[in-house]
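The values are calculated or read from the model by the stated rules, or taken from the named source; none is laboratory data. Computed from a prediction, not measured in an experiment: that's the story for all the values here. Counting neighbours? That spans all protein chains shown, and the Cβs are built from the backbone with ideal geometry, glycine included. Each accessible area value is taken on the protein alone, full model and side chains, heavy atoms only, with ligands, DNA and RNA left out. Shrake-Rupley method; radii C 1.70, N 1.55, O 1.52, S 1.80 Å.
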Amino acid sequence: MRKQLLGGAALASIMVTAASAEILDLETVRSEITQKDGQQTAFVEQTRAKGALSIIDQSGSENFATIDQEDGASSPSTPTTLSYVEQTGSQNSASVKQSTDASDGLSNETWILQDGDDSNVFVDQKGGEDGTNLVDVYQGVGADNFADIVQRGSNNATFLDQLGNDGAANISQDGDANTVTAMQEGERDSLEAIQTGEDNSVSSSQYSTDSVAYFEQTGEYNTVISNQAGEVNDLLVDQYGDDNYVNVDQSGSDSVATLVQKGEYHSTTATLTGDANTLYAEQWGDDNVMTVYQGGSDSVASIVQEGKNNVVDATLDGDGNMLDTYQFGIADVVEVYQGGSDSSAVITQDGRRNEVIATLNGDDNTFTTFQWGSANTIDVIQEGSDSSASMTQDGQQNDVVADLMGEGNVLITDQLGSENTIDVVQSSESSSSTTFVTQYGKENRTYLEQVNNDGELDILQDGDANTVDFGQFATPGLGTVTQVGDLHDVWGDQGGKDTTMFITQTGLEHGAGIIQDGEEAFLSLTQDGEGHLAAVMQDGYATSTVIDQLGFEQSARVYQDGELSEIVLSQSGGMNYADIYQDADDSFVLLDQTGWENEAIIEQDTAQSYIEIEQYTDEAFASVTQTNGMDNTVLISQLSYGAMATVFQSGNANTAIIKQ
């Protein structure tokens, strides 16, 4: 043992070798240094021993403690190197180096306690195979403390406490079964942890403002749990390997979290509560699961998952929220809830069995999604004002269920494939709603209900055996339905004043059944092909129906109950049938049939009504009944062979004219 005095500062230097260790103990060398009053320097070097113990206790400021422990024993029985450093005061520094090449499990352990400002810790541990490294650093209530810890070997563990302001720590572990546990308390704290190997785990808590935490893990069985409380927090987690798990909680304002995982069995749970939060999460591999909650204002979340069996459950509660998620793989599921104002969600899925469930509550919401694959499902509820939803599905058996309630809702959906289903409900008592639906394929179904003022729907179906079932209760209401292919059906109900519906069906054996209940309703129906059926009922003042059927074996049935009602029906081809009933005064019917074996039956229980029938067809038949009215007029023109016309009128001042 050697002690020197240099320039008024005490320098204690202890050098213990294996030979001198045998004097103290045949297995372990020990050293203990106590220094007071500051500006002290302690240096301990312990080498070539089977075990080593060093204790340094310094009080005051500007102290330096250095411990170098190396194990060189060939076959230690209980190989352990221990270092204990305690420093009280400011501007102290502690440096510990522990290394071994033993393969039988050397245990390196370092305990450092610093209580003061501007203190530094440097630890370097190297263990052999199956060795255990342990570092426990406690930096107390002081400020501007720093710790740099490097562990290389197996079964490493690090514990760090920094309770002062502006603390910083850098931790690096290289080996197997590494563990880092860190806690920082104060303003503008910073933490960095890098782990390489297997069974890595990081748990970090920061209770401060302007905190920064950085974690990087490479290997298997990685786990990160971190908590940040305060303002302007920043977190970055990067994991490469298998079975990774991340749990992040940020509370405060201006928090930023970036999470990247690459490998298998990823799981991310993040909760950001506060103002102006931003989250970016990216997972690559299989079986990814992510749950994100952001509360507060101006939150932005971008989530990317690529692989199989991905699940995203994100809830953004607050003002000005934005979510952009992308999933590429199989069996992806996304559930998104955004509450508040100015919310926007953009979701893209590529694969099979994708499902998107999104609920946006608030004002000025916008939802856009793309799905490519089979068996996709979208369930959307938007409540509030000025909401917009745009959805595109490509594949088979896609389903869309949407419920939009509020002002100014707009829905645009596009489905490509077969057996697709769209079910939309739009309800707004004070504003307008708009729906655009496009379906390509066969056996597609659209169910639509609009309850509002100034409603509009536009539906296009291209394929076979498609169905449209709508209810539009709006003033005014506007609808357009176009079906291309065979075996299509349109069933609809319009209620309200000044409603308008345009329906076009081309192909074979289409069916259309329309009910309009309101004043000044207008229907235009065009059916081109063979075997079509049209059924119309209008109940209101000044309603109008225009039907144009082109082909063979067409059938049209129209019922009107209201004054000043009009029907214009044109049938071309052969074996067509028209059945019309009007139950109000001042009604008008114009029927034009061309071809052969066409039949028309018209009944009016009205007054001051007019019927005109033109049948340019062989073997045509026309039957007209006008009862309980006066000043009714019937004009029948049959310019063909084998035609037959019958007219029955009751009342006063009626006129019947038949031309054959």
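For ASP317, indicate whether it is modelled with pLDDT under 90, more than 18 Å from GLU231 (Cα to Cα) and charged (D, E, K, R). Yes, satisfied. Taking the criterion of being among the polar types (S, T, N, Q) and part of a strand (DSSP E or B), the residues of region 506-550 that qualify are THR506, GLN516, SER524, THR526, GLN527, GLN538, SER544, THR545, GLN549. Just one of the numbered conditions (1) in contact (Cβ under 8 Å) with a residue 40 or more places away in the chain; (2) within 29 Å of the chain's Cα centre (by Cα) is not true of VAL437: (1). Out of the residues in region 216-230 that are open to solvent by less than 40 Å² (accessible area, probe 1.4 Å) and either part of a loop (DSSP other than H, G, I, E, B) or out of contact with any Ser or Thr (no Cβ under 7 Å at 6 or more places or on another chain) (or both), which is farthest from ALA177 (Cα to Cα)? Per the stated criteria, the residue is GLY230.
Of everything listed in (1) closer than 22 Å to GLY339 by Cβ; (2) surrounded by 24 or more Cβ atoms within 10 Å (Cβ to Cβ); (3) modelled with pLDDT of 85 or more, the single unmet condition for GLY406 is (3). Looking only at residues of region 476-505 that are among the β-branched types (Val, Ile, Thr) and either outside any strand (DSSP E or B) or surrounded by fewer than 18 Cβ atoms within 10 Å (Cβ to Cβ) (or both), we find that the one that is modelled with the lowest pLDDT is VAL484. Return yes or no: is GLN195 open to solvent by less than 10 Å² (accessible area, probe 1.4 Å), of a type in the set (S, T, N, Q) and closer than 16 Å to ASP238 by Cβ? Yes, satisfied.
To keep it simple, each residue is scored yes or no on (1) modelled with pLDDT of 95 or more; (2) within 60 Å of the chain's Cα centre (by Cα); (3) under 30 Å from PRO476 (Cβ atoms); (4) acidic (Asp, Glu).
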position: GLU563; (1), (2), (3), (4): no, yes, yes, yes
position: SER572; (1), (2), (3), (4): no, yes, no, no
position: ASP583; (1), (2), (3), (4): no, yes, yes, yes
position: GLY595; (1), (2), (3), (4): no, yes, no, no
position: ALA622; (1), (2), (3), (4): no, no, no, no
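Only one entry of VAL237, VAL180, VAL246 meets the criterion of being modelled with pLDDT of 90 or more, within 21 Å of THR291 (Cα to Cα), in contact with a Ser or Thr (Cβ under 6 Å, 6 or more places away or on another chain) and assigned to a strand (DSSP E or B), and that entry is VAL246.
Only strands (runs of 3 or more DSSP E) whose full extent lies in region 358-475 are considered here, and the ones with at least 2 residues that are closer than 30 Å to ASP498 by Cα are 377-385, 388-394, 399-407, 409-416, 421-428, 433-440, 445-452, 455-462, 467-474. Tallying residues that are part of a strand (DSSP E or B), within 16 Å of ASP586 (Cα to Cα) and open to solvent by less than 50 Å² (accessible area, probe 1.4 Å) within region 625-649 yields 7. So which residues in region 124-167 are open to solvent by 40 Å² or more (accessible area, probe 1.4 Å), closer than 11 Å to GLN114 by Cα and among the aliphatic types (A, V, I, L, M), if there are any at all? Correct list: VAL141, LEU163. Can ASP286 be described as open to solvent by 30 Å² or more (accessible area, probe 1.4 Å) and of a type outside the set (Phe, Trp, Tyr)? The answer is yes for ASP286.
Restricting attention to region 539-567, the residues that are out of contact with any Gly (no Cβ under 7 Å at 6 or more places or on another chain) and open to solvent by less than 10 Å² (accessible area, probe 1.4 Å) total 8. Return yes or no: is ILE330 touching a residue at least 12 places away in the same chain (Cβ under 8 Å) and either over 17 Å from GLY285 (Cα atoms) or surrounded by fewer than 21 Cβ atoms within 10 Å (Cβ to Cβ) (or both)? Taking the combined requirement at face value, the residue satisfies it. Listed by position, the strands (runs of 3 or more DSSP E) enclosed by region 267-338 that each have at least 3 residues that are of a type in the set (A, V, I, L, M) are 289-297, 300-308, 311-319, 322-330. If you go through region 356-389 and keep only what is modelled with pLDDT of 85 or more, open to solvent by less than 20 Å² (accessible area, probe 1.4 Å) and among the hydroxyl-bearing types (Ser, Thr, Tyr), you end up with just THR369.
Among residues of region 349-365 that are within 14 Å of ALA389 (Cα to Cα), those with a Cβ under 6 angstrom from a residue that is assigned to a strand (DSSP E or B) and aliphatic (A, V, I, L, M), sequence gap 6+ or separate chain, pair up as VAL356/VAL334; VAL356/ILE347; VAL356/ILE378; ALA358/VAL336; ALA358/ALA345; ALA358/VAL380; THR359/ILE381. The residue of region 568-579 that is nearest to THR625 (Cα to Cα), among those that are among the polar types (S, T, N, Q) and open to solvent by 30 Å² or more (accessible area, probe 1.4 Å), is SER570. Tell me, which residue of region 201-215 that is open to solvent by less than 30 Å² (accessible area, probe 1.4 Å) and not small (Gly, Ala, Ser) is farthest from LEU191 (Cα to Cα)? Only one residue tops the list, namely VAL202.
Considering the conditions (1) buried (at least 18 other Cβ atoms within 10 Å of the Cβ); (2) under 20 Å from ALA358 (Cα atoms); (3) among the β-branched types (Val, Ile, Thr), VAL248 is excluded by exactly one of them, (2).
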